[in-house]
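Enquirer: Let me begin by handing over the structure; questions about it come next.
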Amino acid sequence: MATGTKRDTERLERVVIRFAGDSGDGMQLTGDRFTTSSALLGNDLSTFPDFPAEIRAPAGTLAGVSAFQVHIADRDILTPGDAPDVLVAMNPAALRANIGIVPAGATLIVNIDAFDDRSLAKAGYSGNPLTDSSLSAYTVYEVPMTSLTQEVCKEAGVKPRDAERSKNFFALGLISWLYTRPIEPTLEWITARFGSDNPVAEANTRAFRAGYHFGETAELFTSNYEVRAAPFEPGEYTQITGNQALAWGLLAAARLAGLSLFLGSYPITPASDILHELSRRKDFGVRTFQAEDEIAGVGSALGAAFGGSLGVTTTSGPGLDLKSETVGLAVNLELPLIVVDVQRGGPSTGLPTKAEQADLLHAMYGRHGEAPVPIVAPRTPAHCFEAAIEAVRLAVTYRTPVIVLSDGYLANGAEPWRLPDLSTIAPIDPAFASEPNHVDEDGTPTFLPYVRDPETLARPWAPPGVPGLEHRIGGLEKADLTGNVSYDPANHEAMVHWRANKIAGIAKVLPDVEVDHEDGAEVLVLGWGSTYGAITAGVRRVRGRGLKVAQAHLDFVNPFPLNLGEVLARYPKVLVPEVNLGQLSKLVRAEYLVDAHSLNKVQGVPFRAAEIEDAIVKLIGGTL
Amino acid sequence: MTAIPVTTRKDWTSDQEVRWCPGCGDYSILAAVQMLLPDLGVRRESTVFLSGIGCAARFPYYMNTYGMHSIHGRAPAIATGLATTRPDLDVWIVTGDGDALSIGGNHLIHALRRNVNMTILMFNNQIYGLTKGQYSPTSEISKVTKSTPFGSIDTPFNPISLAIGAEATFVARTHDMDRGHMQETFRRAHDHKGAAFVEVYQNCNVFNDGAFEKITSRDARASMLIPLVHGEPIRFGADLERGVVQRSDGHLEMVEVAEVGEGALVVHDEVREDPGLAFALSRLASGPHEPTPIGVFRAVEHPEYGEEMSRQIVRAQERAGAGDLEALLRSGSTWTIE
């Protein structure tokens with residue numbers, strides 16, 4: 001890249017950038033490319049794609065605004081940032097939809113070409129915010145992105161209307177200059193994605209370079225910025241989203257267990273990317289089945305598990321509703337089954353593209369009868385890899401369905417991930433039954449499908465194909481040991497207890513919940529799942545103010561780790577932040593009689609660190 | 001692989017007491033299956049009976065094979081996961097008209113159109129038995145039951161038409177009063193590659209006794225059952241005096257052979273790719289009170305779903321080698337921190 005006017009480069013520790021535009025403007029792509037070049041630069045980062053459920057809401061309207069927020073830093077960070085330092089707004093609707101979360105003093109970079117009367121009216125502006133004084137608290141840069149893009153694309157061989165579509169690359173080029181990102185990864189990506197002889201590649205390349213040059217040469221910006229590499233642990237890194245990590249974790253788990261992976265799934269936002277990713281992995285022997293409905297998704301997975309495969313189904317809340325009946329059957333059959341629920345806002349169709357943690361009690365209790373199921377909850381996008389493996393380990397070892405509670409925020413959010421040394425992950429033993437386990441009164445060896453392992457209380461997994469082990473299982477209550485149908489009252493009670501004790505007993509092999517303790521702390525903040533980043537960032541801020549606070553985070557929500565009761569008892573005050581109306585807090589209150597304070601938010605967006613900080617400070621001060 | 005052991009009905013019979021109502025048509029179907037299996041050249045340990053819920057769904061408990069009594073209507077979905085991951089197994093589904101066509105209708109049609117390797121025996125008694133006598137999706141219109149005291153107003157399904165409409169590659173009908181016919185039909189269904197659908201007219205002597213008597217009783221059969229034999233003109237009657245012809249508008253009708261001549265009769269062609277004739281045959285009788293075709297309506301060779309799924313895996317591995325997890329984790333942009 002040619003060097004233009006020499007400008008000062010200021011060093012920043014961190015910056016939060018929010019790209020916002022119309023659904024068709026390619027903001028997700030723009031954010032994603034910026035993220036990748038930042039990852040390659042060695043920044044720590046966290047992303048928050050925030051898009052509408054509609055594929056293309058009417059252009060220029062508030063409903064159609066799609067945004068991508070990325071937080072980059074030269075130190076380790078935990079959230080996509082509470083509030084943007086920079087908002088890139090491609091049209092008036094994008095400005096209007098996002099300005100509410102942009103703090104005073106922040107920078108706005110707007111595509112001035114899109115601020116015509118018609119677009120302003122569509123966004124609901126009666127005047128032009130750029131010409132009245134409503135944005136006086138911000139530094140506003142007006143850049144004619146559309147016209148400059150059209151100008152440089154004239155000779156790219158694309159039609160003028162198509163040229164206009166490259167304006168997101170102009171914006172990307174400009175922001176890349178402003179934050180001194182390397183340009184090569186993006187140029188290479190454009191060529192790889194569109195093909196070197198494709199006019200679209202040429203247009204995007206020209207627009208990207210033009211944006212970069214504009215920053216450099218226009219006398220608009222007084223300086224640009226650098227955010228240096230963060231001090232990471234040595235190792236090899238990649239950038240990963242939660243859904244991708246989960247899919248890869250399932251692949252790794254299947255390999256660790258020596259099992260074939262079968263995914264029965266029905267497309268649903270925000271879980272579908274797991275189905276997409278695994279569908280591409282035929283070379284791993286993965287069988288993916290796009291079922292006729294959610295019920296068939298889980299049914300086929302259970303059928304595969306009966307046959308000795310690793311049966312998995314992936315869904316979101318509405319699908320979990322439909323799968324409940326089959327999960328209950330799996331509880332009764334005592335077969336391994338993985339149910340991934342990528343939670344979204346509910347009830348009903350709710351907010352398909354927004355995150356919520358409100359399926360916890362559903363996962364816990366959403367089946368008729370006494371039907372306990374272990375629950376695993378990843379805490380960050382990359383942690384989905386490990387969570388998937390641990391879920392499979394529990395399912396296979398204990399012959400039980402396991403529910404993994406991810407959410408839309410983890411699913412689509414990205415972070416750097418230090419690649420694990422796969423050889424250090426303990427294998428998983430399916431321990432298939434291979435011979436009779438009992439001898440009849442007349443001396444004939446027989447197979448009893450409900451004999452239990454004394455340690456795990458798990459029954460044998462005996463897929464069809466082994467002579468002498470033929471047996472029938474089903475949803476009707478089983479007689480202990482034989483598995484025959486039994487209506488005997490005492491047997492039913494015994495079986496209910498067996499199943500409950502088996503799941504409760506998993507706690508014996510779970511790691512203790514770790515406490516990030518500070519001497520003198522009177523408040524413990526307890527979380528689960530995707531609130532980890534915001535809670536940890538909030539705790540850091542509180543400590544930065546010289547206050548004492550302790551933090552613990554649950555990766556296993558059912559059963560609870562054995563030491564949780566003792567940990568909760570250590571602190572006079574417990575705060576439980578959740579993106580629901582207080583579901584974990586109900587569980588710990590019921591289980592441990594602890595007077596937990598519930599901090600709730602149900603706006604379809606994650607907690608901000610400041611909100612956690614504020615609640616902790618108030619609780620310490622006795623005003624919450 | 002050792003030779004397939006010689007077995008008898010006893011080997012295929014579990015130690016569980018059969019608990020259908022005395023006189024239920026299910027007994028004769030169970031006997032037909034248990035007596036047929038020793039002749040099919042299959043292994044007990046490689047045979048799986050799956051079911052949903054209903055009287056028929058108790059069937060797996062009585063078979064000394066692997067089995068699962070699952071949930072209402074879901075057996076085809078569960079069988080799809082099993083059959084596609086375990087092509088070495090013989091997967092049978094035993095279901096009823098309520099299980100297969102009401103709560104499980106969606107799974108049935110999709111299993112059929114995908115052509116997943118499974119043999120579906122649907123016992124049709126035109127009534128809900130296990131829940132004690134409500135009308136079913138195959139009950140005739142105006143049926144008076146506990147839940148329809150003023151008569152049902154629903155148009156019933158024609159299961160054979162439904163299966164053909166769902167792209168089924170094997171569709172047949174038999175009845176519980178004729179063991180030989182059942183066994184021949186089940187054998188054909190078992191040997192079919194892909195999804196095979198068999199409707200079995202089955203008498204529920206408690207809640208819908210005699211529903212098929214007009215056509216299946218010993219003295220009615222000759223005149224009321226129209227046997228479908230591939231490659232043969234379709235005719236029936238004690239002296240084969242009646243037959244089926246196709247009118248110029250495509251409609252099938254029953255005629256006296258003497259009046260039209262044998263050459264005018266429709267010759268049954270179960271392997272015809274176009275399902276039109278099979279569908280027309282399924283519409284020949286409006287219910288089991290007039291001459292009704294039995295036998296194999298349609299038996300065509302289509303790719304089997306599990307085989308196709310496996311083929312994609314083999315091709316992907318031939319192209320790219322067996323999946324390398326270490327390489328996959330590095331398939332995006334990576335960077336190294338020293």
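Enquirer: For A:Tyr487, are the conditions met, namely being aromatic (Phe, Trp, Tyr) and part of a loop (DSSP other than H, G, I, E, B)?
Expert: When the stated conditions are applied, A:Tyr487 passes them.
Enquirer: Please specify each residue of the range B:89-113 satisfying the condition of being over 23 Å from B:Ile164 (Cβ atoms) and more than 7 Å from chain A (Cβ to nearest Cβ).
Expert: B:Asp90
Enquirer: Filter the range B:63-85 down to the residues that are more than 7 Å from chain A (Cβ to nearest Cβ) and surrounded by fewer than 24 Cβ atoms within 10 Å (Cβ to Cβ) and list them by number.
Expert: If the condition is that a residue be more than 7 Å from chain A (Cβ to nearest Cβ) and surrounded by fewer than 24 Cβ atoms within 10 Å (Cβ to Cβ), then B:His72 is the only one that fits.
Enquirer: Among the listed residues A:Ala67, A:Ala39, which satisfies the condition of being assigned by TED's automatic domain parsing to the domain that holds A:Glu142, of a type outside the set (Ser, Thr, Tyr), surrounded by 24 or more Cβ atoms within 10 Å (Cβ to Cβ) and over 28 Å from A:Ser136 (Cα atoms)?
Expert: The unique qualifying residue is A:Ala39.
Enquirer: Out of the residues in the range A:266-288 meeting the condition of being assigned to a loop (DSSP other than H, G, I, E, B) and of a type in the set (A, V, I, L, M, F, W, C), tell me which one is nearest to A:Leu256 (Cα to Cα).
Expert: Only one residue tops the list, namely A:Val286.
Enquirer: Next up: How about the range A:231-259: which of its residues are aliphatic (A, V, I, L, M) and either surrounded by fewer than 19 Cβ atoms within 10 Å (Cβ to Cβ) or over 13 Å from the mean Cα position of the chain (by Cα) (or both)?
Expert: Scanning the range A:231-259 gives A:Leu250, A:Leu251, A:Ala252, A:Ala253, A:Ala254, A:Leu256, A:Ala257, A:Leu259.
Enquirer: Something else now. Inside the range A:189-203, can you point out the residues that are over 11 Å from A:Arg33 (Cβ atoms) and either outside the structural domain of A:Arg14 (by TED's automatic domain parsing) or without any contact (Cβ under 8 Å) to a residue 40 or more places away in the chain (or both)?
Expert: A:Thr191, A:Ala192, A:Phe194, A:Gly195, A:Ser196, A:Asp197, A:Asn198, A:Ala201
Enquirer: Sticking with this one: For B:Gly263, are the conditions met, namely being without any contact (Cβ under 8 Å) to a residue 12 or more places away in the chain and at positive phi?
Expert: no
Enquirer: Is it the case, given these coordinates, that A:Val143 is modelled with pLDDT of 95 or more, under 23 Å from A:Ala218 (Cα atoms) and assigned by TED's automatic domain parsing to the domain that holds A:Asp22?
Expert: Yes.
Enquirer: Based on what the data block shows, is B:Arg188 in a strand (DSSP E or B), basic (Lys, Arg) and touching a residue at least 60 places away in the same chain (Cβ under 8 Å)?
Expert: no
Enquirer: Looking at the range B:315-329 only, could you name the residues that are surrounded by 13 or more Cβ atoms within 10 Å (Cβ to Cβ) and more than 7 Å from chain A (Cβ to nearest Cβ)?
Expert: B:Asp324 - this is the single residue of the range B:315-329 that is surrounded by 13 or more Cβ atoms within 10 Å (Cβ to Cβ) and more than 7 Å from chain A (Cβ to nearest Cβ).
Enquirer: While we're on this one: Any residue that is of a type outside the set (Asp, Glu), surrounded by fewer than 22 Cβ atoms within 10 Å (Cβ to Cβ), at pLDDT 95 or above and farther than 29 Å from A:Leu351 by Cβ - is there at least one of those in the range A:595-614?
Expert: no
Enquirer: For the range B:257-300, give me each residue that is among the basic types (Lys, Arg) and assigned to a loop (DSSP other than H, G, I, E, B).
Expert: Listed by number, the residues that qualify are B:Arg272, B:Arg283.
Enquirer: Still on this model: For the range A:333-352, which positions are touching a residue at least 40 places away in the same chain (Cβ under 8 Å) and in contact with an Asp or Glu (Cβ under 8 Å, 6 or more places away or on another chain)?
Expert: A:Asp341, A:Val342, A:Gln343, A:Arg344, A:Gly345, listed by residue number.
Enquirer: So, restricting to helices (runs of 4 or more DSSP H) that lie completely within the range A:61-178, which ones have at least 3 residues that are out of contact with any strand residue (DSSP E or B) (no Cβ under 6 Å at 6 or more places or on another chain)?
Expert: The helices (runs of 4 or more DSSP H) meeting that bar are A:117-122, A:145-152, A:160-164, A:167-178.
Enquirer: Of everything in the range A:230-263, what is more than 8 Å from every other protein chain (Cβ to nearest Cβ) and out of contact with any strand residue (DSSP E or B) (no Cβ under 8 Å at 6 or more places or on another chain)? Give them in sequence order.
Expert: Result: A:Pro231, A:Gln244, A:Ala247, A:Gly249, A:Leu256, A:Gly258.
Enquirer: So, A:Pro231, is that one on the phi < 0 side of the Ramachandran plot and at pLDDT below 95 or not?
Expert: It is true that A:Pro231 is on the phi < 0 side of the Ramachandran plot and at pLDDT below 95.
Enquirer: Does the range A:8-29 hold any residues that are in a helix (DSSP H, G or I) and farther than 20 Å from A:Asp82 by Cα, and which are they?
Expert: A:Ser23, A:Gly24, A:Asp25, A:Leu29 - these are the residues of the range A:8-29 that are in a helix (DSSP H, G or I) and farther than 20 Å from A:Asp82 by Cα.
Enquirer: List every residue pair whose Cβ atoms lie under 6 Å apart, where the two residues are 6 or more positions apart in sequence or sit on different chains, the first residue falls within the range A:292-303 and is closer than 14 Å to A:Pro401 by Cβ and more than 7 Å from chain B (Cβ to nearest Cβ), and the second residue, located anywhere, is modelled with pLDDT of 95 or more and outside any helix (DSSP H, G or I).
Expert: A:Gly297/A:Gly264; A:Gly297/A:Ser265; A:Gly297/A:Tyr266; A:Gly297/A:Ala291; A:Gly297/A:Thr313; A:Val298/A:Thr313
Enquirer: Right, next: Tell me which residues, restricted to the range A:197-209, are buried (at least 22 other Cβ atoms within 10 Å of the Cβ) and small (Gly, Ala, Ser).
Expert: Across the range A:197-209, the qualifying residues are A:Ala203, A:Ala207.
Enquirer: Test each condition in (1) in contact (Cβ under 8 Å) with a residue 60 or more places away in the chain; (2) of a type in the set (Phe, Trp, Tyr); (3) more than 13 Å from chain B (Cβ to nearest Cβ) for A:Phe208 and report the one that comes out false.
Expert: That leaves (1) as the condition not met.
The values are calculated or read from the model by the stated rules, or taken from the named source; none is laboratory data. All values derive from a computational prediction rather than experimental measurement. Every residue, glycine among them, receives a Cβ derived from its backbone with ideal geometry; neighbour counts consider all protein chains shown.
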